[in-house]
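Notes follow the structure.
The values are calculated or read from the model by the stated rules, or taken from the named source; none is laboratory data. Since the model is a prediction, treat every value here as computed from it, not as a measurement. So basically every Cβ, Gly included, is an ideal-geometry build from the backbone, and we count neighbours across all protein chains shown.
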Amino acid sequence: MSSTGGEMIKVMGIMGSPRRHGNTERLLDEVLAGARAAGAGIEKVIVSELDISPCREIYACLKDGNCAIADDMQQLYPKLTQADGIVLASPIFFYGLTSQAKAVVDRCQALWVRRHILGIANSNQRSRKGIFVSVGATGGKRLFSGAITTVKCFFDAAGVEYAGELLIRRVDAKGEIARHPTALRDAFRLGGELVRSLTGQS
């Protein structure tokens, strides 16, 4: 499916769980499948397979908006700025994102500097949107609150509108998400809705 400019919509999924092929990745895969079915081109990034250092707070990015740390995050910066849709998927660890996902978020200080300090973000970029997918083992009312705040800040740094979420409580054991009555279906639907919102369809 193309945007109004004629280019194919691109949706990137960021898999922030350290456990492969578990509940979080299964949900993300369904979101991306829904996006593909709606006509988007998709890409999945497995953060645990990348070498991404935590932010060192050396503020080199204040010079030109580029991070000085030479690691795999350098591959992610252009993807984060070029994707039309971003899906961040992370389970909840101690009421927050995993350390793998948080490293990506923290390293986006460089993108925040570009937008809010240097004013060099792409001004002609079409509307971009992001969604958050998460699972947590407990049923607490505020289980996802801290992570949502972090993800919203992450999307803001990347110039992406926080446009939706799929939050599943009381899921922990590997593969347990398959027994949830609605989660996988809701994930597929959410992926399609993301693409349709990016193309202006209802």
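Can you find even one residue in region 106-120 that is small (Gly, Ala, Ser), free of Cβ contacts under 8 Å to residues at least 24 places away in the same chain and out of contact with any Cys (no Cβ under 8 Å at 6 or more places or on another chain)? Within region 106-120 (the criterion being small (Gly, Ala, Ser), free of Cβ contacts under 8 Å to residues at least 24 places away in the same chain and out of contact with any Cys (no Cβ under 8 Å at 6 or more places or on another chain)), the answer is yes, since at least one residue qualifies.
Condition check ((1) surrounded by fewer than 16 Cβ atoms within 10 Å (Cβ to Cβ); (2) of a type in the set (A, V, I, L, M); (3) at pLDDT below 95) across all residues:
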{"site": "Gly85", "(1), (2), (3)": "no, no, no"}
{"site": "Ala103", "(1), (2), (3)": "no, yes, no"}
{"site": "Cys108", "(1), (2), (3)": "no, no, no"}
{"site": "Asn124", "(1), (2), (3)": "yes, no, yes"}
{"site": "Gly130", "(1), (2), (3)": "no, no, no"}
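Would you confirm whether or not region 14-24 contains a residue that is in contact with a Gly (Cβ under 9 Å, 6 or more places away or on another chain), modelled with pLDDT of 95 or more and not in a loop (DSSP other than H, G, I, E, B)? The answer is yes, given that some residue of region 14-24 is in contact with a Gly (Cβ under 9 Å, 6 or more places away or on another chain), modelled with pLDDT of 95 or more and not in a loop (DSSP other than H, G, I, E, B).
Given the criterion over 15 Å from the mean Cα position of the chain (by Cα), over 17 Å from Val104 (Cα atoms), at pLDDT 95 or above and surrounded by 22 or more Cβ atoms within 10 Å (Cβ to Cβ), identify the matching residue among Gly41, Gly34. Give the derivation first.
On the way: Gly41 fails: surrounded by 22 or more Cβ atoms within 10 Å (Cβ to Cβ).
The match here is Gly34.
Scanning region 149-159 for residues that are touching a residue at least 60 places away in the same chain (Cβ under 8 Å) and out of contact with any helix residue (DSSP H, G or I) (no Cβ under 8 Å at 6 or more places or on another chain) turns up just one, Phe155. Among the residues making up region 158-182, those that are within 15 Å of Ser17 (Cβ to Cβ) and either of a type in the set (S, T, N, Q) or buried (at least 18 other Cβ atoms within 10 Å of the Cβ) (or both) are Leu166, Ile168, Val171, Ile177. Cβ-Cβ contacts under 7 Å between residues 6 or more apart (or on different chains), taken from a first residue in region 51-62 that is outside any loop (DSSP other than H, G, I, E, B) to a second residue that is surrounded by 11 or more Cβ atoms within 10 Å (Cβ to Cβ), are listed as Cys61/Cys67; Cys61/Gln109; Cys61/Ala110; Cys61/Val113; Leu62/Val113; Leu62/Ile117.
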